[in-house]
Every structure is written in C-alpha cells, then in structure tokens.
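Reading through the structure tokens given below for one structure.
The values are calculated or read from the model by the stated rules, or taken from the named source; none is laboratory data. Bear in mind the structure is a predicted one, so any value in this text is a computation, not a measurement. Note that we place each Cβ from the backbone using ideal geometry, even for glycine, and neighbour counts take in every protein chain shown.
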Amino acid sequence: MPDTAVADPPAPGESRSTGPTRRVVTEVPSVVDRRFNAITLGSGIAVLVLLVLVGIFLLIQSSEALSESGILRFLTRTEWRTDVQPPRIGVMGLLAGTVLVALVGIVVAVPLSIFTALAITEYSTARRRRWLIGVVDLLAAVPSLLFGLWGFLYLSDKIIPISTWLTQNLGFIPIFSTQENASLTGSIFIAGIVVGLMVLPIITSVTREVFSQTPPGEKEAALALGGTRWGMIRSVVLPYGRGGIIGGSMLGLGRALGETIAVALLLPQVPQRIGDSIHILQNGGATVSGFIANRAGADSFTVSGLMAAGLVLFIITLATNMVASVVVARSRSGVGVEL
Amino acid sequence: MTLASERPFAMSLSSTTIEEPPSAHRVPIVGGPPPGAATLEAKGACAWFGERLVLEGVDLVMPAGQVTALIGPSGCGKSTFLRLLNRMHELIPGAALDGEILLDGEDIYATGTRAQQVRMRIGMVFQKPNPFPAMSIRENVLAGLKLARLKCDAKDDLVEQSLIRAGLWKEVRDRLDSPGGALSGGQQQRLCIARSLAVQPNVLLMDEPCSALDPTSTRRVEETIDELRGEVTVVIVTHNMQQANRVSDICAFFLAAENQPGVVVEQGPTAKMFSTPEDPRTLDYVQGRFG
C-alpha cells in the first residue's frame, strides 16, 4: 500500500512499557482527486488574478490623469473640462449622479422585490410559484440595451406625469424641486426607475431564497397563535430574512452603480454640480459608466481620465458587493445562500 | 386516577412573592377567547392528503378541563387528527377533510368561522420547540397578543402569569429581555407553552411535546400539564405510554392497518385503557407488545 503510510503497531509485549504509540494516518490523494483539485483551485485563482489584472490595468491607464490633476482633486472636483489648459477633470460630479441613479433604483426595486418574493414564497400555489420564478428569471435575461431603449422610447413619457406631480406637491423637499421651465425628460429620476427595474430580478431572487428558508416550525407557531398570514410574515418571515433583504439590496446597488447602457441613453451625461441643490426630477446628470460609454474614443488624456473614473467605480462596486456578501453570510438566514 | 390528584409539584410558586396561585385571577385581555376550558368534540372526522384518506370516522369527546391523550404507533393519524382540531391541517397543500369538530357545540369548520379565531381559542405546542429566536423571552410570551391583535393593559402581569403557569418563571424572571433562542431545549418548550397560554386559550393541543426533551424537562412539562387541568382542556399526542398513563384522564388509541386509513380502535378513561381494555390490540399496544 504505497498510498497509505502507517507506523508499525507495537508488539503486544512492549506496548505496556513504552506507553501508547502516536500514529498519524495520512492518505495521498488519488490521481483523479489531485487533478480535480488542481482544476478547481486553478479556476478559483484565475478569477482572482483576472480581478487584480483589471485593477492594475485601470491603475496604469489612469496614472496620467491622476498625476496631472492630483488624486485628491480628481476625487473631489465636479467639473470635467478638457478644453482648457491645464484640463480640469474630476469624478465627483459623475459619482454623485451614479449614486443618485442607483439610490432611486434601489428605492423603487427593493419594495417591489420584497413583495414579489413574498408573493412567490408565501402566497402562491406550487404551480404559480414556478411560473412566477420563471417570469422573474426571464426579466433578468432581458439585455440591458433593450431596457434602456424601452425606457428611452416608451417609459420616459409615462413617468413624466409622476415627476410633474412630485415636483408640484413635494417640491418643497429640495431634491424634488425643479428650476423654472426645466425639461423633465432625461432626468436622474427616470434613469433610476429604469435601473431599478433592471436590478429587480437579482434582489427578488436573493430575498426569495432567504424567505423560502424560513423555518416552517416558526411559521406554524405564528399561525397557531391566531395570526393572519400577513401577521406571520411580519413577525417571522421578514425578521428572519432581514439579512437577505439588506444583502440582496446591496447586491442590487452594486449592479445599479455599474449600469451603463440605460443611463447612457437616458441621461444627457453632463456631470452633476454639487454646489447648488440637486434636482433629480429635471433633465441633467451623468453617471461614471454612462459618461465613459459616451466619451470612449477621445484623446489619450481624456481616456486616461475616464479610466481613473472607472477605477473609482470599480473600487466602489467591489466594496459594495463585498459588504453585501458579508451581511448575507452573517445573517441567520443567509448561511446557505449563494451569492 | 393518576398522579393528577396528588399534584406533587404544584408549589412552584414557593419562592415568589405572590401569595395566591397564578390562576386565581385572570389577567384581562380585550378581544381574547371566552374564559374557561371548553369541550372539544370530533364527529366523523376524516382527513385526506391529496387523494389518500389517512384518517376515517373519528368520534371523540375531549371533555372540558381534562387531559386527553392520543396514543398509537407512528403513521396512524394522531398528529393529523390533532391538526384537524385547530385548523392547522388545511395549511398543507392538497389537504382535505370531512366531519365536524365542535368547540363547545359550534363547528370550527362552519362557513364564516375564521381559522385565526379558532386557533386563538385552541392553542398548539409542537414537537420541536419553536420559540421566535429574534424575540426576547418577554416578546415571545406576548407574541400571540400581537399576532391575534389582542389588547392587554397589564402585559407584565400576563408575562409573569403565563410563565408561572408554564413552570418557567423562576428560571427566567431575571432575564426576560434575553433572547428566547438562548434557552435550553426544555426551557424553550416551556416558553412555547407560556406563549400559547398567554392568549388564554380554551384548549391546548400538544403534539409530542416531550419527544425532543430530556427526562428532567419532560417531568417539568408533565407537571405543567397537570397544573393546567381544570383551567384548560389539554389534548396531547404521545408515543410514551408511561406519559399517557401519568398525565391523561381520557385516552384514545389510534391504529392504521397497512394501506388503510387510521381509526380510533378504542377510547375511554385512561385507567381502564391501561388495565382492562376491551380490544386485544389496545392491550397489546399499551403493554408494549408492538408499535
């Protein structure tokens, strides 16, 4: 047995005098296992290497712009002007737009996702459940370009009445205010809603997964105490799924931050100005990814600046996704959930 | 009868400051069940899972304030019957039923009767302790009030009374705000009993409440059942013959022949069922010859 190394057992007579002999059994894995191990480990490492390479590439490409404007100034400046000497470029205006679009998207998508997930797990027969899951998965398969076009050509006009109502009735809240005679098309609000619909499937599937793992015993206990189905959901399913809801929302946020096509189509891609108040309901705004998509193919300095903006987005989405997986993994419900 | 008359552990109050027994005055709950124990009666109860008939023609009276034990081998329909009694059966997809379940003479399956109302009056304790882990001990006890939307002005009294009745007060009185999931298995089960009692039900159903517990915890739960006698009607499913003999006044023996639905073979006072039953199968079962 060359694969198994076992120390000789002590002879019966001498074991008493020398005491027990410590024996470690080690097994050399078979060739099949070794190969399989190497393949899986290799794939895992390849993904990590890829991630690091993308980061290094962005860092090298952006070094020109970053050294020209200084990292701190690049991070805090809202302007983006390459027509002046020296060029004044900064990522803050784009970042503000990115975060605003993503937040509008999350505000729209999270409640819809939670109710969709509850409809699937708690209020459906087995047949309707399968059907609904299929529909949500289909929604995830729609190319983002189609979402963008649909939002641009169709949904935009339908949202404008909502924008009008919001600004007329809630205009006293600074973020809902609009400037006089401002156009309401191509707004962060509209882009955010479209992005929200795009991230809805991912949030729905994470929350659905954690809701479906709610211990049946606790659900029965709530019903047996005289609770309604909704009461049971509120006192058992939602508390149990809280980690999944937060994690899923952050995962959706990560997606929303990087959404490109829809915002490139919908927004005018003018960097957001921070100084005066932000008007999400009126035409204006830009996001990092949308801005990059619109400007790609410019001169080398501009491209370097775009790379720097991309690097910032890369770091932010990476951090968001990591926090999301930690939140989900740490919650009671998320233990078995794959992200 | 059984140990019931001796009440060996009824003095769980000895170290508390209250002089009267906990049941002396009920903490008032607005909108809760009517006071007192209620008689539960099954008339021709049948149950199906999908197309399969699992329980047929059960007629059984569970008298108010007494303890009824449902015994029989696994798969004979005892738990199904128990779940028929508070409309938990209908939660299983494909489940169907026939017959009547009368709570003080009124059919709980009558049209217009809400399952929530029925379950509020007929509480249930499950095989596996299932406290709400995110809630504190106190919140667990009061969970039923919130779920059934009942009002109570003396919540602290209700928590204390329910925990005393469940035999858990002395162990948790100093840590009512710690999570219910941190208790031991036996304590969790008594917390679940306290949670059910806090709604002040007329009937308490127990589905093998001690099968996941150690002997000491089992004894505590049996003491609790004993103390509930007279205040609440108790229906308990158990696989433990000694337990059925110890705690129950009335006993019903369920049996299912192979590929046949479960039926009640014999029922009667526990003492008679365990000494001189009429059906030889009952004698074989209570003496441990099969099952």
Can you tell me which of B:Asp249, B:Asp279 is under 30 Å from B:Pro33 (Cα atoms), in contact with a strand residue (DSSP E or B) (Cβ under 8 Å, 6 or more places away or on another chain) and modelled with pLDDT of 90 or more? B:Asp249
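Mind listing whichever residues of region A:111-145 are hydroxyl-bearing (Ser, Thr, Tyr), within 14 Å of another protein chain (Cβ to nearest Cβ), more than 19 Å from A:Gly247 (Cβ to Cβ) and surrounded by 13 or more Cβ atoms within 10 Å (Cβ to Cβ)?
Scanning region A:111-145 gives A:Tyr123, A:Ser124.
So that you can scan it fast, the table gives a plain yes or no per residue for (1) touching a Cys at 6+ places or on another chain (Cβ under 6 Å); (2) assigned to a loop (DSSP other than H, G, I, E, B); (3) more than 26 Å from A:Gly258 (Cβ to Cβ):
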| position | (1), (2), (3) |
| --- | --- |
| A:Val99 | no, no, no |
| A:Phe115 | no, no, no |
| A:Ser124 | no, yes, yes |
| A:Arg129 | no, no, yes |
| A:Leu132 | no, no, yes |
| A:Val136 | no, no, no |
Could you identify the single residue in B:Ala134, B:Ala212, B:Ala182 that is within 14 Å of another protein chain (Cβ to nearest Cβ), surrounded by fewer than 20 Cβ atoms within 10 Å (Cβ to Cβ), in contact with a strand residue (DSSP E or B) (Cβ under 9 Å, 6 or more places away or on another chain) and among the aliphatic types (A, V, I, L, M)? B:Ala134
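Here is a check on your reading of the model: is A:Ile188 surrounded by 22 or more Cβ atoms within 10 Å (Cβ to Cβ) and among the β-branched types (Val, Ile, Thr)?
yes
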Criterion: of a type outside the set (Gly, Ala, Ser) and in contact with a His (Cβ under 7 Å, 6 or more places away or on another chain) - qualifying residue of B:Glu222, B:Glu208: B:Glu208
Qualifying residues in region B:139-164 (those that are over 21 Å from B:Leu228 (Cα atoms) and part of a helix (DSSP H, G or I)) - the one nearest to the other protein chains (Cβ to nearest Cβ): B:Leu147
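Tally up the residues in region B:107-131 that are basic (Lys, Arg), under 19 Å from B:Glu41 (Cβ atoms) and either more than 7 Å from chain A (Cβ to nearest Cβ) or touching a Lys or Arg at 6+ places or on another chain (Cβ under 6 Å) (or both), please.
Within region B:107-131, residues that are basic (Lys, Arg), under 19 Å from B:Glu41 (Cβ atoms) and either more than 7 Å from chain A (Cβ to nearest Cβ) or touching a Lys or Arg at 6+ places or on another chain (Cβ under 6 Å) (or both) number 1.
Look through A:Arg234, A:Arg242 and report the one residue that is within 25 Å of the chain's Cα centre (by Cα), within 14 Å of chain B (Cβ to nearest Cβ) and either at pLDDT 85 or above or not in a loop (DSSP other than H, G, I, E, B) (or both).
None of the other options fit; the residue is A:Arg242.
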Leading residue by the ranking (nearest to the other protein chains (Cβ to nearest Cβ)) among those in region B:165-179 that are part of a helix (DSSP H, G or I) and in contact (Cβ under 8 Å) with a residue 24 or more places away in the chain: B:Arg165
Any chance A:Gln85 is without any contact (Cβ under 8 Å) to a residue 12 or more places away in the chain, polar (S, T, N, Q) and out of contact with any helix residue (DSSP H, G or I) (no Cβ under 7 Å at 6 or more places or on another chain): yes
